[in-house]
Amino acid sequence: MAADTKEILRLENLSLRYEAAAGWAVKGVTLTVDEGDFLAVVGENGSGKTSLLKMIAGLTPPTEGRVVFENLRACEVGYLPQQTAVQKDFPATVTEVVMSGLLNRKGFPAFYTKKDRETARAHLERFGAWDLRGESYRTLSGGQQQRVLLARALCASEKLLLLDEPVTGLDPNAAAELYDILADLHTRGMTILMVSHDVDGAVRRASKVLHMDTAPVYYGDAEGYLKRGGFHV
């Protein structure tokens, strides 16, 4: 690690099996992520990508190993999961969805302050979605919904962003716009971990690549991965 680079996340032998009799979903992932990294997590279906991200997000406890955050609390991690049909049809306004990203930082009952509302507005404006603030989330296009969910994730954290298949289901123009947003966030210092089936699009925008096949097959810089020709995903 370079002298001026700070570690933000460390995975120590992170492993997961859902049932004692079942095989490993994730096995033996040990790596560090530095502030400012853009890590693309790739691999075939069933290779453990989403399970790995859920352990990092604190949604699934590991069977073995641990997740260690440096200079960052677990509740400050922004997480954008894959959307289900139910989530896409969620009956709330755009503002309500975005501000819900602040809940992990608050006690119960949660009360939104003027600063909270200013934070939500700033993130919606960043993504060109302020005009949608009063709209029902369920009426938005796929690309608009992803912008809103990114704004929500940034309300939770402006340091570490976890994304699970963020361009799935988007048309090429919407996907390109989302990649541009992520590139801008990365340029501004955001650390990004992104699970993606879009290997070409994700890897060519990443600084590092983790290729999963239950266990890591490759972890290193994106340029080196591309020179190898990837792993024929």
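The values are calculated or read from the model by the stated rules, or taken from the named source; none is laboratory data. Owing to the predicted nature of the structure, the values given are computational and were not obtained by experimental measurement. Counting neighbours? That spans all protein chains shown, and the Cβs are built from the backbone with ideal geometry, glycine included.
What about Ser136, is it crowded, with 17+ Cβ neighbours inside 10 Å, over 17 Å from Val41 (Cα atoms), touching a residue at least 24 places away in the same chain (Cβ under 8 Å) and in contact with a strand residue (DSSP E or B) (Cβ under 9 Å, 6 or more places away or on another chain)?
No.
Can you report the number of residues in segment 186-197 which are crowded, with 19+ Cβ neighbours inside 10 Å and either among the polar types (S, T, N, Q) or at pLDDT below 90 (or both)?
Adding up the residues that qualify gives 2.
In the set Glu223, Glu165, Glu177, which member is over 20 Å from Leu102 (Cα atoms) and surrounded by fewer than 16 Cβ atoms within 10 Å (Cβ to Cβ)?
When all the criteria are applied, what remains is Glu223.
List the number of the failed condition for Leu140; all other conditions in (1) hydrophobic (A, V, I, L, M, F, W, C); (2) in the same structural domain as Val97 (by TED's automatic domain parsing); (3) within 13 Å of Asp37 (Cα to Cα) hold.
All conditions are met except number (3).
Going residue by residue through segment 96-115, is there one that turns out to be within 23 Å of Ser207 (Cβ to Cβ), surrounded by 16 or more Cβ atoms within 10 Å (Cβ to Cβ) and either assigned by TED's automatic domain parsing to the domain that holds Asp213 or in contact (Cβ under 8 Å) with a residue 24 or more places away in the chain (or both)?
no
Which one is surrounded by the most Cβ atoms within 10 Å (Cβ to Cβ), of the residues in segment 52-95 that are of a type in the set (Ser, Thr, Tyr) and either touching a strand residue (DSSP E or B) at 6+ places or on another chain (Cβ under 8 Å) or at pLDDT below 80 (or both)?
So the residue we want is Tyr79.
Hey, among Thr214, Thr191, which residue is at positive phi, touching a strand residue (DSSP E or B) at 6+ places or on another chain (Cβ under 7 Å) and touching a residue at least 60 places away in the same chain (Cβ under 8 Å)?
After ruling out the rest, the residue left standing is Thr214.
Within segment 171-193, is even one residue farther than 29 Å from Arg73 by Cβ and of a type in the set (Val, Ile, Thr)?
Checking segment 171-193: not a single residue is farther than 29 Å from Arg73 by Cβ and of a type in the set (Val, Ile, Thr).
Of the residues Arg121, Arg66, which is over 25 Å from Ala176 (Cβ atoms), more than 16 Å from the chain's Cα centre (by Cα) and not in a strand (DSSP E or B)?
Just a single option satisfies the conditions, and that option is Arg121.
Taking Pro166 and the conditions (1) in a helix (DSSP H, G or I); (2) at pLDDT 85 or above, which numbered condition does it fall short on, given that it satisfies the others?
(1)
Can you find even one residue in segment 33-51 that is of a type in the set (A, V, I, L, M), assigned by TED's automatic domain parsing to the domain that holds Gly224, under 28 Å from Glu125 (Cα atoms) and surrounded by 15 or more Cβ atoms within 10 Å (Cβ to Cβ)?
Within segment 33-51, one or more residues are of a type in the set (A, V, I, L, M), assigned by TED's automatic domain parsing to the domain that holds Gly224, under 28 Å from Glu125 (Cα atoms) and surrounded by 15 or more Cβ atoms within 10 Å (Cβ to Cβ).
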